[in-house]
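Structure first, then comments.
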Amino acid sequence: CVHPENCFVPTSEIIAVEETELNKKQRNIGKWQKMAKPHAFTVYYVKKGRKHRWRCTDVTFCCAEEHLCNQWIQALKQVLEMQKSRPKQLLVYINPYGGKRQGKRIYEQKVAPLFSLASISTDVVITEHANHAKDNLFEVNINKYDGVVCVGGDGMFSEVMHGLIGRMQKDSGIDQNNPKAPLVQCNIRIGIIPAGSTDCICYSTVGISDPVTSALHIIVGDCQPLDVTSVHHNNTFLKYSVSLLGYGFYGDILKDSEKKRWMGPMRYDYSGFKTFLSHHYYEGTITFQPAKHTLGSPRDKESCRTGCYICKRSEQQLAEQHRECGLKHEEGEEEWRVIKGKFLAINAVNMSCACPRSPKGLSPAAHLADGSADLILVRKCSRLDFLRYLVRHTNQEDQFDFSFVDVYRVKSFQFTSKLSEDNESNVTDIGKKGFGHFCRDHPACCCHIANSTWNCDGETLDSSAIEVRVHCQLMKLFARGIEENWKEEAACSQSSNE
């Protein structure tokens, strides 16, 4: 399809083609008035704007003959039919209570018309209580759908993800309580229509938190694999995580903010300031397996982008290791490293965790689908130093360039708090078996014995002692990662309007 001003649109980004009735006013415009009885068709396509924003726009073409017009329409529709990755039937869950309670309105006014234009059939479920979507996914005939869409924030996405992954493991006879079980990949994609208090996952996988942009990514059938982290305690499954698993600072913020839900999104700012002033630190032991299969490093300058080479190569490396070693490779035969200390924050991220306030995120070079997580350890330091570290999240400086911050790329880790160790916790602690080296850089001092709370994608975990494992590309999103050349595309779109 060619725009009148010679800006080319890929057929993969055409949304729909429809025959158009020209009214008298339209027929009197320009050279169309020379045609005795013009016939026309309209092409709806994706227009890319600044900051990764997509919009649906259209251009109408006029033909002198009806036969020629019909030929164009049929030819373009055949091209669209060849786009096999595009969904035809979607299951949609809407959280009417999340964020600013705008989910239902956003879907009906901004998303549903686009799905209808693209001839996508939908079954819509308005959730009525917590875990409604999760429970429903265990009951529906999931095979009739090409994807599952959640309208809400990160909490709604987490609920749908747990339901979909859990359903896949149940149908395959996999015990989720076994932390070493090889999980079955989910081939049914999840789409996220952002309508919540936090939309970190959408921002990190699309580049913007915008309902229309996300809807268009679903329509064109984009596919972005995503690593998923499983969290266990004493051989009991707790949660899955795709963004942040945080202990200490971010766990304390979440725990305090849960008591102030009446404040809305402002509660995070209030609890964050309060937690910063309290300056609590926690003692414990981290044991982890380095992710040797990955090509990148947490200190890289390059970020994960559309068609990321490191993600593709890391997936191949893992597959080769699995073929060579089988399950032995996954059962911990490799080197484990052990670090003991007093920490203000322990963060494990599967993605950059970028958001409008922190455009580069907690780990700017983290990858979406390389089978690893970036483990960030922030040791006990002064309030001023910790503030300097937090400020680095908002600018372009290296946030790991501090003596009290360590970062590792890992494929699994375990954490046991000092309190759990003193109580002789039953959690499997490989560190006690003597693997790796011990870090004893910090002298003994008065630590806060009380445990913190784990923040798992915005939900609290009751247990402080956990076992964590990364599952490479366990699920797929209707996304394509963040595009590198959006500025050039925006310039093209802008020039076409001049």
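So, in segment 401-459, of the ones that are of a type in the set (Asp, Glu) and under 32 Å from the mean Cα position of the chain (by Cα), which residue ends up modelled with the lowest pLDDT?
Asp429
Among Asp370, Asp374, which is the only one that is farther than 19 Å from Arg388 by Cβ, touching a residue at least 40 places away in the same chain (Cβ under 8 Å), open to solvent by less than 10 Å² (accessible area, probe 1.4 Å) and not in a loop (DSSP other than H, G, I, E, B)?
Asp374
Here is a yes/no grid of residues against (1) over 22 Å from Val17 (Cβ atoms); (2) surrounded by fewer than 14 Cβ atoms within 10 Å (Cβ to Cβ); (3) out of contact with any Pro (no Cβ under 6 Å at 6 or more places or on another chain):
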| position | (1), (2), (3) |
| --- | --- |
| Val46 | no, no, yes |
| Leu76 | no, no, yes |
| Leu90 | no, no, yes |
| Gly98 | yes, no, yes |
| Ala112 | no, no, yes |
| Ala118 | no, no, yes |
| Thr122 | no, no, yes |
| Phe138 | yes, yes, yes |
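Can you spot a residue in segment 121-143 that is of a type in the set (A, V, I, L, M) and touching a residue at least 60 places away in the same chain (Cβ under 8 Å)?
no
Quick check on Gly251: is it under 18 Å from the mean Cα position of the chain (by Cα) and of a type outside the set (Asp, Glu)?
No; evaluated as a whole, the condition is false for this residue.
Being under 29 Å from Ala465 (Cα atoms), in contact (Cβ under 8 Å) with a residue 12 or more places away in the chain, of a type in the set (A, V, I, L, M, F, W, C) and outside any helix (DSSP H, G or I) is true for just one of Leu318, Leu344. Which residue is that?
Going through Leu318, Leu344 in turn, just one is under 29 Å from Ala465 (Cα atoms), in contact (Cβ under 8 Å) with a residue 12 or more places away in the chain, of a type in the set (A, V, I, L, M, F, W, C) and outside any helix (DSSP H, G or I): Leu344.
The values are calculated or read from the model by the stated rules, or taken from the named source; none is laboratory data. Bear in mind that the values here come from a model prediction, so they are computed numbers and not experimental data. Virtual Cβ from ideal backbone geometry, glycine too; neighbours counted across all protein chains shown. Ligands, DNA and RNA are excluded from the accessible area calculation, which covers all protein heavy atoms including side chains. Shrake-Rupley method; radii C 1.70, N 1.55, O 1.52, S 1.80 Å.
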